[in-house]
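Structure first, commentary second.
The values are calculated or read from the model by the stated rules, or taken from the named source; none is laboratory data. Worth saying up front: this structure is predicted, and the values here are computed from it rather than measured. Quick reminder, even Gly has a Cβ in these numbers, built from the backbone with ideal geometry, and neighbours come from all protein chains shown. Keep in mind that these areas ignore ligands, DNA and RNA; they rest on the heavy atoms of the full protein, side chains included. Shrake-Rupley method; radii C 1.70, N 1.55, O 1.52, S 1.80 Å.
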Amino acid sequence: MKKLNFNLNFKKSGQKSSAENFQSTEFRRVVEINETVHDREAGTSEVITRKSLRMITKSIALRKNFVTLVPMKSLSFEEFSFPFSNSTKIREALKLQVLPFSAAGELEIFPVILSKAGRGVKGLVWYVTPSELEIPAYAFDANISNKFWPAPLPFISRLAQYDGNGVTMWVDEVNICSILWQANKPVLSRWKKFINQEAIDKEFSWYNEYCKAQGLNRGGDFIVNAVNNNSADLSEPNEEFIKIISDSVTICPWLENLNLSRKAIKGEQDLERAVNFLTKASCWLLAFGLVTLGAVSLRLYQVNMQTQAIKTRNENFYRQVFDPSHTGRIGNPVTLARNKIAELTGNVGEGHPLEEALADLGEILENEKDLKITLDTVRYNAEGIDCTGSAPDMTTVLKFRTSIENYASTVQVDNTQFVAGIGYRFDLRIRW
C-alpha cells in the first residue's frame, strides 16, 4: 500500500497540462467557521458554527461554472438495479427501499445511472441528510451551473495505478472524509473529526482491517490536504488540480451528472411534476381522440351502409322490372334500365344507328391518318358511344376529340392518365 499526497496549498509551477475540460470551472470548498455570539442582556456567550465558501482554484474564462467540494458527514451510497429506466419510477422505488430508515431522519436521494441493458438500468444512489445541503451561495450564483460533490470523490484518477482500488481522503481544518473504491466504483464513505495526524493513521488502519475482513482489494491511498488552504489570491487556475479532476471524469463519466444540491433536487421535482401533468393531459387527449375517432368511424360506417342499401335497392328494382333472371352484382342499374326502356320503346339507335356510328369513326380515322389512336373498347347505346383507348401523348387525344366534334353534339374526355410504356389512357364519351 502506498500513500500519495496532494497539498491544496500549492504554488504556481509554470507547467501547463493537457487538461481542458474544467478550464472554465471555478472550484470551491466548504469550511466551517466557529463564531462566538454574546448576549449582553443575559450576559452569556454561545459558540455557533456556520459554513462558508473558500476558493480552491479560479477560472480564467468569463463564463464560469462552479464545483463545490463538500465534506459530508452523513453521506452513503449503494448500487441499484431495476428492470425499468423511468427516472420517476427509479426515485419512487428507492424511496420505498429507505422507508424503514425514515424514522431516524429525512434523507435526500440522488440516483445516477451507470449503465443500461435493454429496458433495465444499473446505477448508484447517493443518500445525504438535508442539513448537509444547507450550503451558502453567492448572489451571482443564481443563474450559473453550480454542482456540489462529496469532497474526496473527484480524485479517483490518482488510484489508476492500483486499478481503481483504494481510498481517496479529504482532510481540512475540521473533517476527515474518505471513500473506499473498488474497480473505480465507490463502495463505502466515512467521516471523522480531524484532530491530528494520528486520526488520519487510524482511519487507514480501519480500512486495512475492513478490507481484510470483507475480502476487498486494499489498493493504494490518495490524500488531499486542504488544511489552512487559502487560494483566493490565485491569478491563474492550478493546472495539476484541474488535470486530476479531468482524468477522474474520464475514468468515471457519471461524475458529470452528479450534483448533490437542493437546486438539483428542486429541478428534478419540477421535472417530475411537469412530466406527470403532461402524462395526464396526454391521457385525456388520447381518450378524447379515441372517442372522436369512434364517433367518426361509426358515422362513416352508417353512411357506407346507407349507400350500399341504395345500390342494393336499385339493383333489386332493375331485376324485378327488367331482368329477374339476372344474378350477381349489377354495376350501373340506372343506365341498364334506360337502355332497356329504349329497346322496349323501339328507340334504340334511332337517328343514329350502330352502322352510322361506326362509319363516322371510320371516316375520322381515314381522314386523320396521322392520328396514332388505339381504341381498345367501343360501347354503343341509344345515347351514343363510350370508347376506351390509348394515345402516345395528350395532344393526339385532344385532336381526336376535336375531329369527332364535327359528327356529334357532345364529346367528353374522362379519366386521362399516363401509363409507362403505353402512353395516355383515356375514356371518350360521344353523344349524338
Spin-label pair Asn406/Ala281, simplified geometry with 7 Å Cα→Cβ offset, distance in nm: 7.2 nm
Solvent-accessible area of Lys263 with every protein chain in place, 1.4 Å probe, in Å² to the nearest 10: 130 Å²
Cut-off under 5 Å, modelled amide H: who pairs with Ile56 long-range: Phe27, Arg28, Arg29
Too-long pairs where the Cα-Cα distance tops 22 Å, listed order kept, from Lys147/Lys185; Lys147/Lys202; Lys95/Lys263; Lys64/Lys147; Lys185/Lys212; Lys64/Lys193: Lys147/Lys202; Lys64/Lys193
Thr377-Thr250 pseudo-label distance in nm [points 7 Å out on the Cα-to-Cβ vector]: 7.7 nm
Placed amide H near Trp170: partners under 5 Å, 5+ positions off or other chain: Cys177, Ser178, Val224
Total formal charge among the other residues, if their Cβ is under 15 angstrom from that of Lys369, Lys/Arg +1 and Asp/Glu -1: -2
Overall form of segment 143-216 per C-alpha gyration tensor (a/c, 1.5; a/b vs b/c): oblate
Area accessible to solvent at Trp126, 1.4 Å probe radius, in Å²: 0 Å²
